[in-house]
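Bear in mind that the values in this text are calculations on the coordinates, not laboratory data. In this text, all values refer to a predicted model and were calculated from it rather than measured experimentally. FYI the Cβ positions are ideal-geometry reconstructions off the backbone, even for glycines, and counts take in every protein chain you see.
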Amino acid sequence: MKAVNKKSFLLVIALALVFSLTVGLTLAYFSDYNAAKGESTIALGGKTEIHDEYTSDTKTVVIENTGDVPVVVRVAVYAPIVGDNQTADVSGTDWEKVGSGDTAYWYYTKIIEPKKSSSTLTVSTTYLKNADLGDTVDVVVTHESSQVAYDKDGNVIVPSGWANKIVQ
């Protein structure tokens, strides 16, 4: 048998010790845990649908909460205005306008509970027949909704970038 070099033997032993320490620390890292106590249910599912009708010179809009949690909503109305004799007036109970022009939003000032709807928002238009517009006019309404969140005092937390128009 051949004699083992003492330096090589010590090097192998040293590497084995370092490796065993590293494996132990790695296993400890991956097996560490923190137990949680308590229970809380989180409901995600704010879902809304827009229902609108356009008859004659009036468009009516209602937002329905089809989800399982309360939501807040806002809408934007886009209607082409050409000349002084053509107008688009927006109104509705519990709706409040913030901004002007293309940056205007109408905020529904109440929380819409699940399976409930907003009050009607009405867009009344006055258009004279115009060669540029033809006989019909498109009134586009878009809506945004957000699940209701509350602060520690039970007040509604309004989504970032929204005007605080929620009446509790």
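Fewest neighbouring Cβ atoms within 10 Å first, the residues His51, His143 line up as His51, His143.
Model label points for Lys116 and Glu49, set 7 angstrom from Cα along the Cα-to-Cβ axis, are 1.9 nm apart.
Subtracting the Cα-Cα distance of Ser8 and Val62 from 0.36 nm times their residue separation leaves 11.1 nm of extension gain. The order of the peptides 8-18, 55-65 by mean Cβ neighbours within 10 Å, most packed first, is 55-65, 8-18.
Is there a pair in Lys97/Lys152; Lys110/Lys165; Lys97/Lys165; Lys47/Lys110; Lys47/Lys116 whose C-alpha atoms are over 19 Å apart, and which pairs would that be? From the list (Lys97/Lys152; Lys110/Lys165; Lys97/Lys165; Lys47/Lys110; Lys47/Lys116), the Cα-Cα distance tops 19 Å for Lys97/Lys152.
In terms of surrounding Cβ atoms within a 10 Å radius of their Cβ, Tyr108, Tyr150 rank from fewest to most as Tyr150, Tyr108.
Taking 0.36 nm per residue of separation and subtracting the Cα-Cα distance, full extension of the segment from Ala163 to Thr93 would add 23.4 nm.
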